[in-house]
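Asker: Next up is a structure, given as structure tokens.
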Amino acid sequence: MEVAKVLSEYDLSKLAVATAGSHSALQILHGAKKEGLRTVLIVKKDRYEFYRTFSHFIDSFIIVESWGEVAQREVVEELLALNSVVVPHGSFVEYVGAERMLRYPVPIFGSRKILMWESDQRKKMELLRSAGIRVPKEFSSPDEVDRLVIVKLGGAKGGRGYFLARTPEEVKRGLERLGSPENYIIQEYVVGVPAYYHLFNSPIYGRLEITGMDIRYESNVDGLRRLPPEYAKEISPTFTVVGNIPMVLRESLLIKVFEYGRSFVRATEELVGEEIVGPFCLESIITEEGEIVVFEFSGRIVAGTNVYVHGSPYSWLYWDEPMSAGRRIAREIRKARDRGRLEEVLR
Ligand code: AMP
């Protein structure tokens, strides 16, 4: 899709931010409205009653029977007629598919190619490694396992199906239990505390911003500490994300996060072939020595930003006004439009 061609047919004074009703949609559209852009929500029929209560910041609804329709012609045509820029969140990418996102015929904010890298566990880690970011040790086969590891399935959503193991046998048994999947990675389990950094690469302001950070609240691993150890030890931890909790970091650690963020941006340019634009997230464990070990990234807005609809402690330092990640995206789009630079932020 040629962004320039689509934009030439748009009425840019009516530019709209569009997304699908899930994940971080409310925050994205709320922020877009605050920036004076129009807003479009693709919503499944059974969720319409809920989203309709936010009509004060949602201008248009595109109602679908199933998420499969997000990529269908009728929806695409409606999006184009409404002068839409799509902001893809995790669920949007899931509905359309990372591969099909490459050809989705509506301008999208940010990078399309990074979504492909994100969807492949091996490529994902390769990108982090090549950025010089510290990552957990990886084992290429179950037989190499000599310590506590976490086995991650490709395409798993929110950590579902991940399991811990300590020996080659435990890894093999776990994989068998899951029907012997082919797409998985075996990673050293890093002991420490989790921390997820929300970053934003801005071509328009020429800077990288730390927009916030969070901790994921995961079932059942975060519940195990509520049990006496003699009961907890009999239960296998699982990592299904159910929510997010805000956090701030020791200021001295922020510098490392910023450096990692900048290296990541450089690596996307070199390996992916296009610099990441807009929001992304580095997901880490911080060890007791204060080492930040990154085990995962997201190349788009993460749901953890939902804890900062009114801005985070960090976004206040840049903006001195409420600035959610959703609003930050809209600010980038609006400024790009007003300065004739939309093609730098849309793909
Ligand atoms: P992910 O799907 O990669 O974000 O992982 C889901 C959850 O598993 C994370 O939020 C962490 O709690 C945990 N996790 C993933 N990888 C590691 C690792 N290498 N060491 C420790 N915990 C991990």
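Asker: Residues THR305, THR211, THR268, THR238: which one is surrounded by fewer than 20 Cβ atoms within 10 Å (Cβ to Cβ) and of a type in the set (Val, Ile, Thr)?
Answerer: So the residue among THR305, THR211, THR268, THR238 that is surrounded by fewer than 20 Cβ atoms within 10 Å (Cβ to Cβ) and of a type in the set (Val, Ile, Thr) is THR238.
Asker: Further question on the same structure: Among the residues of the range 17-42, write down those that are surrounded by 22 or more Cβ atoms within 10 Å (Cβ to Cβ) and part of a strand (DSSP E or B).
Answerer: VAL17, ALA18, THR19, ALA20, THR39, VAL40, LEU41, ILE42
Asker: Would you mind stating whether ALA165 is closer than 30 Å to GLY311 by Cα, crowded, with 17+ Cβ neighbours inside 10 Å, of a type in the set (Gly, Ala, Ser) and within 16 Å of the ligand (Cβ to nearest atom)?
Answerer: It is false that ALA165 is closer than 30 Å to GLY311 by Cα, crowded, with 17+ Cβ neighbours inside 10 Å, of a type in the set (Gly, Ala, Ser) and within 16 Å of the ligand (Cβ to nearest atom).
Asker: While we're on this one: Looking for something touching a residue at least 60 places away in the same chain (Cβ under 8 Å), among the hydroxyl-bearing types (Ser, Thr, Tyr), more than 13 Å from the ligand (Cβ to nearest atom) and crowded, with 16+ Cβ neighbours inside 10 Å - is there at least one such residue anywhere in the range 123-131?
Answerer: No, there is no match, as no residue in the range 123-131 is touching a residue at least 60 places away in the same chain (Cβ under 8 Å), among the hydroxyl-bearing types (Ser, Thr, Tyr), more than 13 Å from the ligand (Cβ to nearest atom) and crowded, with 16+ Cβ neighbours inside 10 Å.
Asker: Regarding the range 135-144, can at least one residue be identified that is within 13 Å of the ligand (Cβ to nearest atom), part of a loop (DSSP other than H, G, I, E, B) and of a type outside the set (Lys, Arg)?
Answerer: Yes, the range 135-144 contains a residue that is within 13 Å of the ligand (Cβ to nearest atom), part of a loop (DSSP other than H, G, I, E, B) and of a type outside the set (Lys, Arg).
Asker: Taking the residues in the range 272-321 that are in contact with a Cys (Cβ under 9 Å, 6 or more places away or on another chain) and aliphatic (A, V, I, L, M) as candidates, determine which candidate is nearest to the ligand (Cβ to nearest atom).
Answerer: VAL302
Asker: Follow-up. Output yes when any residue across the range 299-311 is in contact with a strand residue (DSSP E or B) (Cβ under 9 Å, 6 or more places away or on another chain) and farther than 27 Å from GLY161 by Cα, and no when none is.
Answerer: Scanning the range 299-311 turns up at least one residue that is in contact with a strand residue (DSSP E or B) (Cβ under 9 Å, 6 or more places away or on another chain) and farther than 27 Å from GLY161 by Cα.
Asker: Filter the range 64-79 down to the residues that are crowded, with 16+ Cβ neighbours inside 10 Å and in contact with a helix residue (DSSP H, G or I) (Cβ under 7 Å, 6 or more places away or on another chain), then identify the one that is nearest to GLU49 (Cα to Cα).
Answerer: VAL64
Asker: When residues of the range 58-79 are filtered for being closer than 21 Å to ALA330 by Cβ, within 23 Å of the chain's Cα centre (by Cα) and either modelled with pLDDT under 95 or not in a helix (DSSP H, G or I) (or both), how many remain?
Answerer: Looking only at that region, the number is 1.
The values are calculated or read from the model by the stated rules, or taken from the named source; none is laboratory data. These numbers were taken from a predicted model, which means no experiment stands behind them. FYI the Cβ positions are ideal-geometry reconstructions off the backbone, even for glycines, and counts take in every protein chain you see.
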